[in-house]
Amino acid sequence: MSTMPKNMPPASNANGLLEKIFHLSELGTNVRTEILAGITTFVTMAYILFVNPNILKDAGMPVNATFAATAIAAAVATLIMGVYANYPIALAPGMGLNAFFTYAVVLGMKLPWQTALGAVFISGFVFFLMTVTRVREWIIEGVPPVLRLSIGVGIGLFIAFIGLKDGGLVVADPATFVALGHMKSPGVLVTVFGLIVTGFLMAKRVKGGMLIGIFFTTIFSMIMGVSPLPTGISSFVSPTNPIAAIAPIAFHLDIMGAFNYGLISILFAFTFVDLFDNIGTLLGVSRKAGLLDEKGNLPRAGKALMADSIGTMFGAAMGTPTVTSYIESASGVSEGGKSGLTAVTVAALFAISIIFAPLVGLIPGQATAPVLILVGVLMMSEVTQINFEDFTDAFPAFMTIVMMPLTFSIAQGLAFGFMSFTIIKLVTGKHKENNAVTYTLTVLFIIHFILGGG
């Protein structure tokens, strides 16, 4: 005969532990809701498992290893976010910064990927110091709103340009620099097919539309002969030991090499883009979940940012670029996720996904290119909030946005954005809109260019 009181809810010890850790009742949620929210978030952002390796392979990194590193870094960082900060926000290697890592740092500056990973680790450590010393608040408050908006838009164009390039829609041309690709080629047809299918799924708000689009496009690419056909179950899953899977890239980062190259602008880009992206994502998702306080501030913001900085350092050690919060977390929040249990669920699914590493070998760049293009579309939305009626805002916004894709560098876009903002405000009598942050960063960028920084 049970000794449980009649008024005791039929909750298991496990549920009681989860309640204690995540304060589910206080947040007005329950275990079932949180787990379903976590599954929803994972499905909407799982595309990064395939997109990230396809970008990093251009840096000379093996795709199976970067797939595993992506999954492990996302799992650990998201677990920290869930357990330590108790927020329903998932993290993974950031879109835009992975492209910057490959195309601007490794290919553009001719640096080994090991040295680039060293720079990522240093940026994570800098971000950690900024978090514990509260310097991040000084910087965030000092960055003009127009530049915050422009950075996101510029990164969106940068990502979209890479997608157009990878998909063959845009090609190099000796006379005009860029030109339209061969529209009848199989690779371009696969990209166009992917754009139509994935665009349709996103327009219909299908959960996991990007991931579903990648798989449909991959099947079409096999039909077109662009990617290989699977040869058996080993083409889909593999019981690979995670440690063995990441061995070719894990702990291969060269921190001292990054110091020796003096990568000031690179560190700036990795650190500050991550900072702005995280703050925007954290506030946006938390606002949707109703987790902001009465002043519109984010409680435990320091803990949330700590998860990101530790995740970035850990991710660099594993072999992947900057780890950041994902706006796709909003999909789980829309399903009722309010606590860190949502994030823990996502972390568990990322950990399990490691066995699907062989899949990345079947997915061509033309299947992930549409995702890059459509992510660019989503990131363009903030351009509507920029006041183009004020030329002293319009000019630095334009320079930030246009210089990122045209110089193929987020760092250069940031540099031209800050310099143009500070100078035009100064010469037009609006110098009061400048502050210590804008002056300091502008001087640093000018010195960098004088010293021959590219």
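Given the conditions (1) outside any loop (DSSP other than H, G, I, E, B); (2) under 30 Å from L24 (Cα atoms); (3) open to solvent by 30 Å² or more (accessible area, probe 1.4 Å), report the number of the one that K338 does not fulfil.
Every condition holds for K338 apart from (1).
Is it the case that S227 is open to solvent by less than 60 Å² (accessible area, probe 1.4 Å), of a type outside the set (D, E), more than 24 Å from A351 (Cβ to Cβ) and part of a loop (DSSP other than H, G, I, E, B)? Step through it out loud before you land on a result.
On the way: open to solvent by less than 60 Å² (accessible area, probe 1.4 Å): yes; of a type outside the set (D, E): yes; more than 24 Å from A351 (Cβ to Cβ): yes; part of a loop (DSSP other than H, G, I, E, B): yes.
Judged against the criteria, S227 is a match.
Are any of the residues in the stretch 150-164 open to solvent by 50 Å² or more (accessible area, probe 1.4 Å) and not in a helix (DSSP H, G or I)?
The answer is no, given that none of the residues of the stretch 150-164 is open to solvent by 50 Å² or more (accessible area, probe 1.4 Å) and not in a helix (DSSP H, G or I).
Being in a helix (DSSP H, G or I), open to solvent by 10 Å² or more (accessible area, probe 1.4 Å) and of a type in the set (D, E, K, R) is the requirement here; does K303 meet it? Give the steps one after another, and end with the answer.
On the way: in a helix (DSSP H, G or I): yes; open to solvent by 10 Å² or more (accessible area, probe 1.4 Å): yes; of a type in the set (D, E, K, R): yes.
Taking the combined requirement at face value, the residue satisfies it.
Being among the hydroxyl-bearing types (S, T, Y) and either at pLDDT 80 or above or open to solvent by 20 Å² or more (accessible area, probe 1.4 Å) (or both), is that true of even one residue in the stretch 262-272? Spell out how you get there, then give the answer.
Looking only at the stretch 262-272, we keep the residues that are among the hydroxyl-bearing types (S, T, Y), and these are 265, 271.
Okay, now just the ones that are also either at pLDDT 80 or above or open to solvent by 20 Å² or more (accessible area, probe 1.4 Å) (or both), so none.
Taking every residue of the stretch 262-272 in turn, none turns out to be among the hydroxyl-bearing types (S, T, Y) and either at pLDDT 80 or above or open to solvent by 20 Å² or more (accessible area, probe 1.4 Å) (or both).
Assess whether G209 counts as being surrounded by fewer than 21 Cβ atoms within 10 Å (Cβ to Cβ) and farther than 30 Å from M399 by Cβ.
Working: surrounded by fewer than 21 Cβ atoms within 10 Å (Cβ to Cβ): no; farther than 30 Å from M399 by Cβ: yes.
When the stated conditions are applied, G209 does not pass them.
So in the stretch 189-205, with the set limited to residues that are surrounded by fewer than 15 Cβ atoms within 10 Å (Cβ to Cβ) and over 16 Å from G168 (Cβ atoms), which one is modelled with the highest pLDDT?
Here is the first cut: in the stretch 189-205, the residues surrounded by fewer than 15 Cβ atoms within 10 Å (Cβ to Cβ) are 196, 200, 203-205.
If we keep only those that are over 16 Å from G168 (Cβ atoms) too, we end up with 200, 203-205.
Working: F200: 96, A203: 93, K204: 93, R205: 86.
For the stretch 189-205, the residue satisfying everything is F200.
On the basis of being closer than 19 Å to I266 by Cα, in a helix (DSSP H, G or I), among the polar types (S, T, N, Q) and open to solvent by 20 Å² or more (accessible area, probe 1.4 Å), does T440 make the cut? Don't jump to the end; show me each part of the working.
On the way: closer than 19 Å to I266 by Cα: yes; in a helix (DSSP H, G or I): yes; among the polar types (S, T, N, Q): yes; open to solvent by 20 Å² or more (accessible area, probe 1.4 Å): yes.
Yes, satisfied.
Can you find, within the stretch 51-65, the residue that is surrounded by the most Cβ atoms within 10 Å (Cβ to Cβ) among those that are of a type in the set (S, T, N, Q) and under 15 Å from the mean Cα position of the chain (by Cα)? So that I can check it myself, show each step before the final result.
To start, the set of residues in the stretch 51-65 that are of a type in the set (S, T, N, Q) comprises 52, 54, 64.
Narrowing further to those that are under 15 Å from the mean Cα position of the chain (by Cα): 52, 54.
Values: N52: 31, N54: 25.
For the stretch 51-65, the residue satisfying everything is N52.
Restricting to the stretch 59-102, count the residues that are of a type outside the set (A, V, I, L, M, F, W, C) and in a helix (DSSP H, G or I).
First pass over the stretch 59-102, keeping only residues of a type outside the set (A, V, I, L, M, F, W, C): 60, 62, 64, 66, 70, 78, 82, 84, 86-88, 93-94, 96, 98, 102.
With in a helix (DSSP H, G or I) added as a condition, the list becomes 64, 66, 70, 78, 82, 84, 98, 102.
Looking only at that region, the number is 8.
Regarding I48, is this residue under 26 Å from N241 (Cβ atoms) and either surrounded by fewer than 18 Cβ atoms within 10 Å (Cβ to Cβ) or not aromatic (F, W, Y) (or both)?
Taking the combined requirement at face value, the residue satisfies it.
Among the residues that make up the stretch 178-189, is at least one of them part of a helix (DSSP H, G or I), closer than 20 Å to A367 by Cβ and in contact with a Phe, Trp or Tyr (Cβ under 9 Å, 6 or more places away or on another chain)? Step through it out loud before you land on a result.
Restricting attention to the stretch 178-189, the residues satisfying the condition of being part of a helix (DSSP H, G or I) are 186-189.
Then keep just the ones that are closer than 20 Å to A367 by Cβ; that gives 186-189.
Still in the running and in contact with a Phe, Trp or Tyr (Cβ under 9 Å, 6 or more places away or on another chain): 189.
Yes: the stretch 178-189 contains one or more residues that are part of a helix (DSSP H, G or I), closer than 20 Å to A367 by Cβ and in contact with a Phe, Trp or Tyr (Cβ under 9 Å, 6 or more places away or on another chain).
Do we find that L282 is within 17 Å of the chain's Cα centre (by Cα), open to solvent by less than 10 Å² (accessible area, probe 1.4 Å) and over 19 Å from A59 (Cα atoms) in this structure? Don't jump to the end; show me each part of the working.
Values: within 17 Å of the chain's Cα centre (by Cα): yes; open to solvent by less than 10 Å² (accessible area, probe 1.4 Å): yes; over 19 Å from A59 (Cα atoms): yes.
In short, yes.
Just to be sure, is Q412 open to solvent by 30 Å² or more (accessible area, probe 1.4 Å) and not basic (K, R)?
Details: open to solvent by 30 Å² or more (accessible area, probe 1.4 Å): no; not basic (K, R): yes.
Criteria not met by Q412.
Within the stretch 324-335, can you find the residues that are open to solvent by less than 10 Å² (accessible area, probe 1.4 Å) and either assigned to a helix (DSSP H, G or I) or at pLDDT 95 or above (or both)?
Hits for the stretch 324-335 are S329, G332.
Somewhere in the stretch 40-57, is a residue within 18 Å of A316 (Cβ to Cβ) and part of a loop (DSSP other than H, G, I, E, B)?
No, the stretch 40-57 contains no residue that is within 18 Å of A316 (Cβ to Cβ) and part of a loop (DSSP other than H, G, I, E, B).
Residue check, A77 against (1) at pLDDT 90 or above; (2) open to solvent by 60 Å² or more (accessible area, probe 1.4 Å), all met but one. Which one?
Going through (1) at pLDDT 90 or above; (2) open to solvent by 60 Å² or more (accessible area, probe 1.4 Å) one by one, A77 breaks only (2).
Would you pick out the residues in the stretch 308-323 that are within 19 Å of A59 (Cα to Cα), of a type in the set (G, A, S), open to solvent by less than 10 Å² (accessible area, probe 1.4 Å) and part of a helix (DSSP H, G or I)?
Hits for the stretch 308-323 are G315, A316.
When the stretch 215-224 is examined, which residues are found to be open to solvent by less than 60 Å² (accessible area, probe 1.4 Å) and within 28 Å of the chain's Cα centre (by Cα)? Break it down stepwise before answering.
Pass one, the stretch 215-224, residues open to solvent by less than 60 Å² (accessible area, probe 1.4 Å): 217-218, 220-222.
Once the filter is applied, which keeps residues that are open to solvent by less than 60 Å² (accessible area, probe 1.4 Å) and within 28 Å of the chain's Cα centre (by Cα), the stretch 215-224 yields T217, T218, F220, S221.
Return yes when F177 is modelled with pLDDT of 85 or more, more than 30 Å from F416 (Cβ to Cβ) and open to solvent by 10 Å² or more (accessible area, probe 1.4 Å) and no when it is not. Can you show your working first?
Working: modelled with pLDDT of 85 or more: yes; more than 30 Å from F416 (Cβ to Cβ): no; open to solvent by 10 Å² or more (accessible area, probe 1.4 Å): yes.
So F177 fails the test.
The values are calculated or read from the model by the stated rules, or taken from the named source; none is laboratory data. Keep in mind that what you see is a predicted model, and the values were worked out from it rather than measured. Neighbour counts run over all protein chains shown; Cβ positions are idealised from the backbone, glycine included. When the accessible area is computed, the model is the full protein with side chains, heavy atoms only, and any ligands, DNA or RNA have been set aside. Shrake-Rupley method; radii C 1.70, N 1.55, O 1.52, S 1.80 Å.
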